[in-house]
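Here the structure comes first, spelled out in structure tokens, and everything after it is commentary.
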């Protein structure tokens, strides 16, 4: 996602409340035009959120274990624990709530800074994420697309609208070597709402024809079972599960962003946020 601000200027201003307030206005351009504004849940002042969690209860726990990695900044907005162990890493800053508990083993690496005094910005991110989930789910479905995907065979969706494509799926389940290919242009936006089960097991979401990672949103609606990615699963886009836990295992990879109530990452799973120059 292109930033409207110079990254060096924003990085120097990371500590100021003014820049944090301005950052709330940042959003995916196409998703915004479709009625979904991820706001500060999508962007640190340097546009680098890779993982952002909302869970606010003291009992909520985020875990990164084994060799799990986050490439980009991580924000933990809740008052619970975030346990970082094993030989994994966060290649960016870690921002946690002042009332939360961040526990890190000596073998886990954080390459950026660690901050626990950004409560207002984290709270705004939580608000934006809930609003985005609701807005995405309120969009009318685009005709001609499936209402459920639950299979172990590949499927291609083509954008015939030249713009925004909205799906409302009962389930999104792909297994084996199956791939969902989203085809379109750089102007295409896919917003895929999933009501019940979300699972990628060794399968992938592939983008073709110029479709951009930042213009693909999977919105897992409401409370329910964990959203899971395991094996060699690959997802390109933003995974938003505001009321659920996202569990990643094996070598599962998200190229984009994960916004969830909680995250649990193990194995060599990773979230890799593309960084705008």
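Taken together, the residues in segment 185-203 that are assigned to a loop (DSSP other than H, G, I, E, B), on the phi < 0 side of the Ramachandran plot and either surrounded by 20 or more Cβ atoms within 10 Å (Cβ to Cβ) or at pLDDT 95 or above (or both) amount to 5. Considering every residue within segment 231-248, establish whether at least one is farther than 25 Å from residue 168 by Cβ and surrounded by fewer than 20 Cβ atoms within 10 Å (Cβ to Cβ). The answer is yes, given that some residue of segment 231-248 is farther than 25 Å from residue 168 by Cβ and surrounded by fewer than 20 Cβ atoms within 10 Å (Cβ to Cβ).
Report yes if residue 73 is over 15 Å from residue 264 (Cα atoms) and modelled with pLDDT of 90 or more, otherwise no. Criteria met by residue 73. The residue that is modelled with the highest pLDDT, among those in segment 54-64 that are touching a strand residue (DSSP E or B) at 6+ places or on another chain (Cβ under 7 Å) and surrounded by fewer than 23 Cβ atoms within 10 Å (Cβ to Cβ), is 63.
Condition check: modelled with pLDDT under 95 and either at positive phi or crowded, with 16+ Cβ neighbours inside 10 Å (or both). Does residue 163 satisfy that? Against the criterion (modelled with pLDDT under 95 and either at positive phi or crowded, with 16+ Cβ neighbours inside 10 Å (or both)), residue 163 does not qualify. Among residues belonging to segment 119-144 that are in a loop (DSSP other than H, G, I, E, B) and without any contact (Cβ under 8 Å) to a residue 24 or more places away in the chain, point out the one that is farthest from residue 38 (Cα to Cα). The extreme case among them is 144. Might you let me know whether segment 140-159 holds any residue that is surrounded by 15 or more Cβ atoms within 10 Å (Cβ to Cβ) and touching a helix residue (DSSP H, G or I) at 6+ places or on another chain (Cβ under 9 Å)? Checking segment 140-159: not a single residue is surrounded by 15 or more Cβ atoms within 10 Å (Cβ to Cβ) and touching a helix residue (DSSP H, G or I) at 6+ places or on another chain (Cβ under 9 Å). For the condition closer than 13 Å to residue 236 by Cα, in a strand (DSSP E or B) and either out of contact with any helix residue (DSSP H, G or I) (no Cβ under 7 Å at 6 or more places or on another chain) or at pLDDT 95 or above (or both), what is the one hit in 217, 174? None of the other options fit; the residue is 217.
How many residues, within segment 220-277, are outside any strand (DSSP E or B) and over 10 Å from the mean Cα position of the chain (by Cα)? Quick ask: steps written out before the conclusion?
Taking segment 220-277 first, the residues outside any strand (DSSP E or B) are 221-226, 231-233, 249-252, 266-269, 273-277.
Remaining after also requiring over 10 Å from the mean Cα position of the chain (by Cα): 221-226, 231-233, 249-252, 266-269, 274-277.
Residues meeting the conditions: 21.
Annotation: of all residues in segment 71-96 being surrounded by fewer than 23 Cβ atoms within 10 Å (Cβ to Cβ) and outside any strand (DSSP E or B), the one that is nearest to the chain's Cα centre (by Cα) is 93. Which of the residues belonging to segment 20-53 are surrounded by fewer than 23 Cβ atoms within 10 Å (Cβ to Cβ), at pLDDT 70 or above and part of a loop (DSSP other than H, G, I, E, B)? If the condition is that a residue be surrounded by fewer than 23 Cβ atoms within 10 Å (Cβ to Cβ), at pLDDT 70 or above and part of a loop (DSSP other than H, G, I, E, B), then 34, 35, 37 are the ones that fit.
Just a yes or no: is a residue in segment 204-214 in contact (Cβ under 8 Å) with a residue 12 or more places away in the chain, within 13 Å of the chain's Cα centre (by Cα) and crowded, with 19+ Cβ neighbours inside 10 Å?
Yes: one or more hits.
Conditions first: (1) in contact with a strand residue (DSSP E or B) (Cβ under 7 Å, 6 or more places away or on another chain); (2) without any contact (Cβ under 8 Å) to a residue 60 or more places away in the chain; (3) closer than 24 Å to residue 38 by Cα. Residue 185 passes all but one, so which condition is the exception? Only one criterion in (1) in contact with a strand residue (DSSP E or B) (Cβ under 7 Å, 6 or more places away or on another chain); (2) without any contact (Cβ under 8 Å) to a residue 60 or more places away in the chain; (3) closer than 24 Å to residue 38 by Cα is unmet by residue 185, namely (1). Just one of the numbered conditions (1) touching a residue at least 12 places away in the same chain (Cβ under 8 Å); (2) under 29 Å from residue 192 (Cα atoms); (3) surrounded by fewer than 22 Cβ atoms within 10 Å (Cβ to Cβ) is not true of residue 116: (2).
For the condition surrounded by fewer than 20 Cβ atoms within 10 Å (Cβ to Cβ) and at pLDDT below 75, residue 102 does not qualify. Considering segment 157-171, and only residues there that are outside any loop (DSSP other than H, G, I, E, B) and without any contact (Cβ under 8 Å) to a residue 40 or more places away in the chain, the residue that is farthest from residue 220 (Cα to Cα) turns out to be 158.
The values are calculated or read from the model by the stated rules, or taken from the named source; none is laboratory data. Remember, it's a predicted structure, so these values are computed and weren't measured experimentally. A quick note on method: Cβ atoms are made from the backbone with ideal geometry, for glycine too, and the neighbour counts reach across all protein chains shown.
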